[in-house]
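The values are calculated or read from the model by the stated rules, or taken from the named source; none is laboratory data. What you are looking at is a predicted structure, and each value in this text was computed from that prediction instead of being measured. As a convention, Cβ positions derive from the backbone with ideal geometry for all residues, glycine included, and neighbour counts pool all protein chains shown.
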Amino acid sequence: MMGTTSQAQNIDARIMGGELGAAYKLTSNWKADATLAYAWGKNSSDGKALPQMPPLDARFGLTYSEDNWSAGALWRVVAAQNRIDQNKGNVVGKDFDKSSGFGVFSLNGAYRINKNWKVSSGVDNLFGKAYAEHLNLAGNAGFGYPANDPQAINEPGRTLWTKVDMSF
């Protein structure tokens, strides 16, 4: 009648990371922006990589806006994660295996109807890239698939969306 058991222990850990972002107005209508995020972790108790660390993540955006409308593009590029501690983790999840890097491209547009209403629409993952995040939740649902396993639960393919904002 006993379920599976798990063990937790305190460790000494070192975590470092940072995020850098910049935006530049190219003209009165065009704006470019970029962000870079990285985190690194080490289990100082056993000298191994700290599990459940996200890989290097970069985002590059370009936006055109004029009067009440705007259009934008976003390219997200994520590196492979090779620093893992297999089958170790935390209450949120664990490292099942290394993961592959990926890049996805998205487009969006928006129109401000008046000072209170704005309608936005877009397509995420425009090219329908099959990919899985390193820190995906497949293991938490009891599946236990690594991010690059063919049976892993991939992120959504091409996704169309629309949003209506009301402010007052």
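With respect to (1) assigned to a strand (DSSP E or B); (2) in contact (Cβ under 8 Å) with a residue 12 or more places away in the chain; (3) not basic (K, R), the lone exception for Y24 is condition (2).
Of the residues N82, N87, N29, N10, which is polar (S, T, N, Q) and on the phi > 0 side of the Ramachandran plot? Testing whether each residue is polar (S, T, N, Q) and on the phi > 0 side of the Ramachandran plot leaves just N87.
Once the stretch 112-129 is narrowed to residues that are of a type outside the set (D, E, K, R) and surrounded by 14 or more Cβ atoms within 10 Å (Cβ to Cβ), the residue that is nearest to R76 (Cα to Cα) is N125. Tell me, please, whether a residue that is over 20 Å from the mean Cα position of the chain (by Cα) and free of Cβ contacts under 8 Å to residues at least 12 places away in the same chain can be found in the stretch 100-114. Yes: the stretch 100-114 contains one or more residues that are over 20 Å from the mean Cα position of the chain (by Cα) and free of Cβ contacts under 8 Å to residues at least 12 places away in the same chain. I'd like to know if the stretch 108-124 contains one or more residues that are part of a strand (DSSP E or B), acidic (D, E) and within 17 Å of N154 (Cα to Cα). Yes, that holds for at least one residue.
One residue stands out in the stretch 42-97 among those that are of a type in the set (A, V, I, L, M) and within 30 Å of W117 (Cβ to Cβ): the one that is surrounded by the most Cβ atoms within 10 Å (Cβ to Cβ), namely L74. Only one of the listed residues (K98, K118) is of a type outside the set (A, V, I, L, M) and modelled with pLDDT of 95 or more. That residue is K118.
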